[in-house]
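Each remark here refers to the structure printed beneath this line.
The values are calculated or read from the model by the stated rules, or taken from the named source; none is laboratory data. These numbers were taken from a predicted model, which means no experiment stands behind them. Quick reminder, even Gly has a Cβ in these numbers, built from the backbone with ideal geometry, and neighbours come from all protein chains shown. Accessible surface areas use protein heavy atoms only, side chains included; no ligands, DNA or RNA. Shrake-Rupley method; radii C 1.70, N 1.55, O 1.52, S 1.80 Å.
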Amino acid sequence: MKVGDIVDNFVVPPHPKGIVLDGVSVRLEPLKADLHANDLFESYSIDEEGANWHYLSYGPFDTLQSFSTWLKEQESKDDPTFFSIFRKTDEKAVGVAAYLRINPDHGSIEVGGINYSPLLQRTKEGTEAMYLMMKWVFENGYRRYEWKCNALNLKSRSAAQRLGFSYEGVFRQMMITKSRNRDTAWFAAIDKEWEVLSPCFTKYLSDENFTDDGKPKISLSSLTQPLLYKKDDMDFS
């Protein structure tokens, strides 16, 4: 009878509350409403059609005051642990992301609550922010890093796999969000995959991979796609 491999020498990893993730083009700091609300609200206001908020469980916010109130509520929580993402070129907060469903005892943690303003979307800086979060997770001993999204959110599903998260299936009718049903698509990367995923980010983010006008010569998805887990890869016989 198979009952699963023994997990040897597992050390409970630290909680991410209070950490700072410092990269080449971005820095992720613990969310602080008093310090970050103005930058973030201004950055999100560029999205005049409100497309950013369609699949998020929070927002949109009509006023800076209501947005600041929500930020204040989030900054006091341990789970989720939210970060403001600063673009180093002008030290402006241009997005947020969080660790959530943080379970150090089992070495499992999720990335979510991601809201990139138009200033961060489809940029090298946005990719580096996700790389820094993944790097911290695996270098600090977590075994599993999850990405979950509305199953209808094709952009989020594509982004997950581009970043090296493998598709694991859909949980039907998992929740009700903004009075609508949500089927949730699950993706994950695990610790033994980090050894091959990390060089993909290093290669993609290198200066040599970008043209003078900021276009990547090699896409990240072309590097990570061959590494994605497929359910047929695991033998339960």
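In table form, for the structure just shown:
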| read-out | value |
| --- | --- |
| Answer residue from the stretch 183-220, given it is among the hydroxyl-bearing types (Ser, Thr, Tyr), in contact with a helix residue (DSSP H, G or I) (Cβ under 9 Å, 6 or more places away or on another chain) and surrounded by fewer than 17 Cβ atoms within 10 Å (Cβ to Cβ) and is farthest from ARG101 (Cα to Cα) among those | SER219 |
| Hey, CYS149 part of a strand (DSSP E or B), open to solvent by less than 30 Å² (accessible area, probe 1.4 Å) and not small (Gly, Ala, Ser) or not | yes |
| Selection from the stretch 173-182 of residues that are surrounded by fewer than 16 Cβ atoms within 10 Å (Cβ to Cβ), in a strand (DSSP E or B) and either among the basic types (Lys, Arg) or without any contact (Cβ under 8 Å) to a residue 12 or more places away in the chain (or both) | GLN173, MET175, ILE176, ARG180, ASN181 |
| Residues (under 16 Å from PHE187 (Cα atoms) and out of contact with any helix residue (DSSP H, G or I) (no Cβ under 9 Å at 6 or more places or on another chain)) located in the stretch 103-147 | SER108, GLU110, GLY112, MET133, GLU146 |
| Scope the stretch 101-113; condition of a type outside the set (Ser, Thr, Tyr), in a strand (DSSP E or B) and in contact (Cβ under 8 Å) with a residue 24 or more places away in the chain; matching residues | ARG101, ILE102, ILE109, GLU110, VAL111, GLY112, GLY113 |
| Criterion violated by LEU56 - all others in (1) open to solvent by 40 Å² or more (accessible area, probe 1.4 Å); (2) of a type outside the set (Asp, Glu); (3) in a loop (DSSP other than H, G, I, E, B) satisfied | (1) |
| Qualifying residue in the stretch 11-34 (condition: open to solvent by 50 Å² or more (accessible area, probe 1.4 Å) and part of a helix (DSSP H, G or I)) | yes |
| Members of the stretch 103-132 found to be surrounded by 19 or more Cβ atoms within 10 Å (Cβ to Cβ) and closer than 14 Å to PHE86 by Cβ, listed by number | TYR116, SER117, LEU119, LEU120, GLU125, GLY126, GLU128, ALA129, LEU132 |
| Residue under evaluation ALA159, criteria (1) in contact (Cβ under 8 Å) with a residue 60 or more places away in the chain; (2) closer than 15 Å to MET130 by Cβ; (3) aliphatic (A, V, I, L, M), criterion not met | (1) |
| Odd one out for TYR167, checked against (1) surrounded by 11 or more Cβ atoms within 10 Å (Cβ to Cβ); (2) assigned to a helix (DSSP H, G or I) | (2) |
| Residue within the stretch 64-75 that is open to solvent by less than 80 Å² (accessible area, probe 1.4 Å), touching a Lys or Arg at 6+ places or on another chain (Cβ under 8 Å), assigned to a loop (DSSP other than H, G, I, E, B) and at pLDDT 95 or above present | no |
